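Report on one structure; see the data block that follows.
Just so it is clear, none of the values below were taken in a lab; they were calculated from the coordinates. Computed from a predicted model, the values in this text were never measured in an experiment. In this analysis, Cβ positions are derived from the backbone assuming ideal geometry, glycine residues included, and neighbour counts consider all displayed protein chains.
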Amino acid sequence: MTSEIRPVRVVGISGSLRAASYNTAALKAAIALAPEGMTIETAEIGDLPHYNDDVRLAGYPPQVQRFRDQLSAADAILFVTPEYNYSIPGVLKNAIDWASRPPSPPFDNKPVAIMGASMGVLGTARAQYQLRQMLVFLNAFPVNKPEVMIGAAQTKFDAAGVLTDEPTKDFIRELLKSLAAWTARLR
């Protein structure tokens, strides 16, 4: 008996807007390292307005609706977050706030993977743990292992932002395989 591989459509979100971001570079690496049957498209969060419930109640702005629709259509989500002041960046929190509101919050029941890169030793550990706390409220289901915390990122990417560190590539591959398996299990 053969089992059919069902495609897994993932939306990847970089929590950094910086052009030379290690996190955006890590997301690009994940796209290239995705296992067979998985596609990863990126979501733009830099054009989302600041969250304002008065605006939401009047109707989602087009760029917010685009983001929500993209998340809703995905089978799974990949967050790639830097760590700012022991937490996730404000731009990522803003995107999560927009997407978490009714009707039909698109994070609900979604499999999620998390990774992040920083120049520090801990590789975004604190930001990832705070993001996991938010996922509880969002009723999303994060992959538990492996945890991909890319420390000393400046030594793992070249000047063009290409991931060159083979052990880090292996960790990302394993995370994406776990996300695919978790998505299949939750379907």
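For region 135-147, take each phi angle, set θ = phi - 60°, evaluate the Karplus expression 6.51 cos²θ - 1.76 cosθ + 1.60, and give the result in whole Hz per residue in order, putting x for glycine and proline.
Coupling constants for region 135-147: 5, 4, 5, 6, 6, 9, 10, x, 5, 7, 9, x, 8 Hz.
Length gain on complete extension for the stretch L186 to R101, per 0.36 nm per residue less the alpha carbon to alpha carbon distance?
Contour length minus the Cα-Cα distance gives 28.3 nm.
Compute the convex hull volume of the Cα atoms of region 82-149, divide it by the residue count, and report the result per residue in Å³ as a whole number. Can you show the working numbers first?
Numbers: hull volume 4.9 nm³, N = 68.
That works out to 73 Å³ per residue.
Give me, ordered by chain and number, the residues 5 or more places off G12 or on other chains with an amide H under 5 Å from its own placed amide H.
Those qualifying (amide H under 5 Å, at least 5 residues apart or on another chain) are E41, T42, A43, L78.
Filter the GluC sites (Glu not before Pro) in region 1-57 down to the DSSP loop ones having no more than 12 other Cβ atoms within 10 Å, then list what survives.
Sparse-neighbourhood loop GluC sites (Glu not before Pro): E4, E36.
Are there any trypsin sites (Lys or Arg not before Pro) in region 1-64 that are in a DSSP loop and have at most 14 other Cβ atoms within 10 Å? List them by number.
R18
Over the Cα atoms of the chain, what radius of gyration and what Dmax do you get, in Å?
In order Rg, Dmax, the Cα atoms of the chain give 16.0, 55 Å.
Treating only the Cβ of Lys, Arg, Asp and Glu as charged (+1, +1, -1, -1), what charge dipole size does region 8-186 show about its Cα centre? Round to the nearest 20 debye.
Taking the Cα centre of region 8-186 as origin, the dipole is about 220 debye.
Per the helix-only calculation at 222 nm, which mean residue ellipticity applies to the chain, given -39500 (n - 2.57) for every DSSP H run of n ≥ 4 and division by its residues, nearest 500 deg cm²/dmol?
Theoretical 222 nm ellipticity from helices: -12500 deg cm²/dmol.
Which lysines, if any, have their Cα less than 16 Å from the Cα of K169, not counting same-chain residues under 8 positions apart?
K28, K145, K156, K177
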